[in-house]
Each structure stands twice: as C-alpha cells, then as structure tokens.
Amino acid sequence: MSKLAIVVNEQLTLEYDRNRELEEEQREYLEKLDAKFDQGIELQGEQIDQPDIQQRARYMTLSMMEGIIYREDAKAAVSVAWLATRLPDLKQVIAVVDTEGTQFELVFDREYQPHAVVHFDGLNS
C-alpha cells in the first residue's frame with residue numbers, strides 16, 4: 001500500500017495516495033518549497049540555516065496541522081503532498097490536539113489500521 005495517513009485524535013483525517021500522479025504545477029510548487037528550505041527556515045522560534053530532512057518534515061507537519069486546525073485546505077494539501085513525496089517511507093502522521101497544544105509522531109514502520117470495535121457479551125451482567 002502506498003498511502004500516507006494523517007490521524008488526528010485517533011480519527012483518520014487525511015489520506016494521500018502516492019499512486020496518483022501530481023500535476024506539473026503541483027510538482028513545481030513543491031520544488032519551489034525545497035528551494036526556499038535551502039535558504040533556511042524558522043522552526044519553533046529557532047532560525048535554521050541549513051535544515052535537514054527531519055527539520056523540513058517537522059516544519060511541513062506543523063504547517064499541515066495549522067491547515068487542518070484552521071481549515072486551510074490548500075495549506076494542508078500542499079504539506080501532505082510534500083511529506084508524501086519527500087518521505088516515501090512515511091506511513092502515518094499521528095497527531096494529538098488538545099488544550100496543551102499539538103503533538104505529533106511521524107510513523108515509518110506501520111500502516112494505518114482503523115480501530116476495530118469489539119463487543120463482549122455478558123460483561124455487564
């Protein structure tokens with residue numbers, strides 16, 4: 001399976017299918033983002049002149065979460081596309097959004113599996 005799942009508060013929120021080709025203008029936009037990254041980024045208040053792939057991924061994940069939280073669909077879509085194309089082994093982004101803020105984990109070793117509800121008869125008898 002070549003999908004990237006974005007799971008927020010245990011709910012599948014977005015899914016990116018890597019088998020679907022990006023349009024030329026979308027690929028060009030992602031390349032322009034890479035060029036901007038080459039000039040440095042500010043990540044959580046810290047200026048990073050030469051960000052590595054992990055720092056770039058963190059930046060784009062934060063951007064994606066802003067897009068999801070504030071319903072900026074284009075921002076979320078670009079961020080997910082960047083993550084999916086630049087990190088081909090990334091299978092999931094698992095995020096928790098609560099009153100404390102947003103925490104996330106990039107998961108490379110397991111595909112998204114929907115939670116199964118299991119009912120046990122007789123437990124409340």
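Bear in mind these aren't lab numbers, they're just calculated from the coordinates by the rules spelled out. Source: prediction; values computed, not measured.
Among all the lysines, which ones have a C-alpha under 19 Å from Lys32's C-alpha, if same-chain residues fewer than 8 places away are not counted?
Lys32 reaches Lys75.
Going through the DSSP H helices of the chain, which span 15 Å or more along their own axis at the Cα atoms while scoring at least 0.0 as a mean Kyte-Doolittle hydropathy?
Both cut-offs are met by 53-69, 73-86.
Relative contact order (percent) for the chain, with alpha-carbon contacts under 8 angstrom and 6 or more residues of separation?
25
State whether the stretch 3-107 is rounded, prolate or oblate according to the following rule on the C-alpha gyration tensor (a ≥ b ≥ c being the square roots of its eigenvalues): a/c under 1.5 gives rounded; otherwise a/b larger than b/c gives prolate, and the remaining case gives oblate. Numbers along the way, then the final one.
Values: a/c = 1.67, a/b = 1.09, b/c = 1.53.
Because a/c hits 1.5 or more and a/b fails to exceed b/c, the stretch 3-107 counts as oblate.
What percent antiparallel are the DSSP beta bridges of the stretch 3-107, to the nearest 5? Mind showing how you got there, number by number?
Details: 16 of 20 bridges.
The answer is about 80 percent antiparallel.
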